[in-house]
1. Of all residues in region 225-239, count the ones that are buried (at least 17 other Cβ atoms within 10 Å of the Cβ) and without any contact (Cβ under 8 Å) to a residue 40 or more places away in the chain.
2. Would you check if Glu186 is free of Cβ contacts under 8 Å to residues at least 60 places away in the same chain, more than 16 Å from ligand 1 (Cβ to nearest atom) and either of a type in the set (D, E, K, R) or part of a loop (DSSP other than H, G, I, E, B) (or both)?
3. In region 319-349, what count of residues is obtained for those that are over 19 Å from Arg309 (Cα atoms) and either in contact with a strand residue (DSSP E or B) (Cβ under 7 Å, 6 or more places away or on another chain) or among the β-branched types (Val, Ile, Thr) (or both)?
4. Tell me the strands (runs of 3 or more DSSP E) entirely within region 1-40 that contain at least 3 residues that are more than 24 Å from the chain's Cα centre (by Cα) and within 16 Å of ligand 1 (Cβ to nearest atom).
5. Does Ser45 qualify as being in a strand (DSSP E or B) and either more than 13 Å from ligand 1 (Cβ to nearest atom) or closer than 29 Å to Met151 by Cβ (or both)?
6. How about region 400-503: which helices (runs of 4 or more DSSP H) wholly inside it have at least 2 residues that are surrounded by 20 or more Cβ atoms within 10 Å (Cβ to Cβ) and within 16 Å of ligand 1 (Cβ to nearest atom)?
7. Name the pairs: first residue in region 288-306 and on the phi < 0 side of the Ramachandran plot and surrounded by fewer than 24 Cβ atoms within 10 Å (Cβ to Cβ), second residue part of a loop (DSSP other than H, G, I, E, B) and not polar (S, T, N, Q), Cβ to Cβ under 6 Å, at least 6 apart or on different chains?
8. Look at Ile97 and say whether it is surrounded by 12 or more Cβ atoms within 10 Å (Cβ to Cβ), under 23 Å from Ile29 (Cα atoms), in the same structural domain as Ile201 (by TED's automatic domain parsing) and in contact with a Phe, Trp or Tyr (Cβ under 8 Å, 6 or more places away or on another chain).
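The values are calculated or read from the model by the stated rules, or taken from the named source; none is laboratory data. Because the structure is predicted, anything quoted here is derived from the model rather than measured. As a convention, Cβ positions derive from the backbone with ideal geometry for all residues, glycine included, and neighbour counts pool all protein chains shown.
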Amino acid sequence: MSEYILEMKDICKSFPGVKALDHVSLQLIPGHVHSLMGENGAGKSTLMKCLFGIYKKDSGSVIYNGEEVTIEDPFDALQKGIAMVHQELMPIQDRSIAENIYCGRYPVKKVGPIEVIDHKKMNSDAQALLDDLGLPFKATDKLGTLSASQMQLCEIAKAVSADAKIIILDEPTSSLTLKEVDKLFEIIHRLTSKGCGVIYISHKMDEILQISDEVTIMRDGQYIGTWPAKDLTIDFIIAKEVGRELKDLYPPKVNTPGETIFEVKDFTSPLDRSFTNCSFSVRKGEIFGVAGLVGAQRTELMEAIYGLRSHSSGTVTFDGKELSIKCPEDAIKNGIALITEERRRTGIFGVLSISDNVAVASLNDYLKFKCMLDHKSIKQVVDKSIKELSIKTPSSKELIRNLSGGNQQKVIISRWLAKEPDVLIMDEPTRGIDVGAKYEIYSIIGKLAKEGKTIIVISSEMPELIGICDRIMVMCEGKITGTVDGPTATQEKIMELSTKFMS
Ligand SMILES: Nc1ncnc2c1ncn2[C@@H]1O[C@H](COP(=O)(O)OP(=O)(O)OP(=O)(O)O)[C@@H](O)[C@H]1O
Ligand SMILES: [Mg+2]
C-alpha cells in the first residue's frame, strides 16, 4: 500500500489554444497539507477541477486509496470522499445557510409513499456543524445576509460536512479577515489530525509557509517540483514560480506629488455604525493608501464618494470645483474611477470577451462617425493591456469566464486603466494576483501617478501600502484615525491606528 492517499500522474489538459496542464503530477500524504503554487494561469485550478470531475483530463492517471479511479463528475467526487471549495464561489444567496450546505444531498424523510426533504433534520445537522466549527451563524438565516468572508466560511463548512478524505481549498482566504484565517487554520488542523489530506491553493506566501507540509510549484501548465515546506523561503518560491529571480517586490518610486487636487470633507453615512465625519485630501500625482481592518468602512466610504452608496452630508472637490455625484455615472463623468473589491461579483461580464470587458466602461471613446464602434482601436488598447499586465490568454476574443481567476482580475483593472481617469480608486487591487503581476500593477500605478493622476489604494496588506504609497490614511470603525508618511510608516504604527477605538 502506498503512503499516499492520492497520486495524480502525468495529467494533461488542453483548451482551444492553451495547454493548461502538461504532464503534471501531485502526491498527497494523508494528514498533510499540500500547497499548490504558481502564477495566475499556471494551471492550479484546472488540475483541481480535473480531480474534482469538473473537467475531464486528456491523459494521465489518478490513483486514490491505492486504486486507479475515474472521477465522472463532482457528485461522484463527493461520493468518493473528495470535496472542493472553489475559487469562484457560487452560493445560492436566496436560500438558507443549511440549504446551501446540503444542496444536492438533502436529508429526506418519507411521508406516506413519497419522499420529502427533512427540513428539521437538515437545519439541526447544519446548526450542529456550524456550532462544532465555532462559526457564529444561524443555519436558517439566508446566505445572502452574510458578508463575502462569512459566505466563504460557510462554503468551507459545506466541504467539511461531506466528511471527505481529501479537501481541496482553492484560494479560501481571498476575502477572509486575519481572525477568520486563524479560524480556518484551526479547522484545517482538525481535519488533518483526523487523517484528511488537504490541497491548499493561495498566493499568500506567509500563509503557505505557515500551514503547509509540502509545496508543489507549477509554471505555465508544467510541474516544477515539490519540496517540504520547512525547507522553503519566500525568495525560493518566487524564483521557482516566476522562473527568474525577482530582486525587489516593489518598483522604484517615480512620481512626485504636487498640489492638493482632490478633497473630501465631512463625509458621513446615513447609516449607523458606518463612516462618520471623514475628511481627507489627496495631491495631484500622489499614491494615497487607505489602511484599516475589515469593518473599518474603507470600502463604504470610497463607494459613497463614487456615488454607489448614499451619504447624508459631506462634499467632494476636484481642482477647486465641488462635484455633484449622485451615481457612478456622475463620478465617471467627473474623471473618477473605482475598481471594486469583489471584482468577480461586481466587475465581470462572464459571457463577454476580454475585449468587450475592457471597452465597456469607455464605449463613447471608441465611436466612429458617432454611432459605430471602432473595433480596431479597441483591439489596440486591449492588446496593449494584455501585454502590459501579462494577461494569460490565447486572444482578446476569449470569453473572460475562461480565464484563470487572477487573469480575470487583471482584465477588470485594464478596463479602468484604459479609461485614464484623473482619480483612480483601487479597492484591494492585488487580491488573488501573483507576485510577478503585482509588480506590474505597482509599476502601472507609479506611472499613472507620474503622469499626474491621483491614485487612492485601499489594501489590507500593510507591506504593500508601505511599499508603494506616498501617504497612508488609516481608518477604524468608520473614522479616520490618522495619516502617516508612506515610506517611513511601520506596520506597528498602522496597526495601532487601525485598532484605536477597539477595546
Ligand atoms: N474553461 C476553460 N476554457 C478555456 N481556457 C481555460 C478554461 N479554464 C482554464 N483555462 C485556461 O487554462 C489556464 C490555466 O488556468 P487556471 O485557472 O488553472 O489557472 P490558475 O493557476 O488557477 O490561476 P489563478 O492563480 O489566476 O487562479 C489559463 O490559461 C486559463 O485561461
Ligand atoms: Mg485558480
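1. Final tally of qualifying residues: 1.
2. Judged against the criteria, Glu186 is a match.
3. Total meeting the criteria: 2.
4. 6-15, 18-28
5. Taking the combined requirement at face value, the residue does not satisfy it.
6. Ranges flagged: 405-418, 435-450.
7. Thr299/Glu341; Glu300/Phe275; Glu303/Arg309
8. No: the conditions fail for Ile97.
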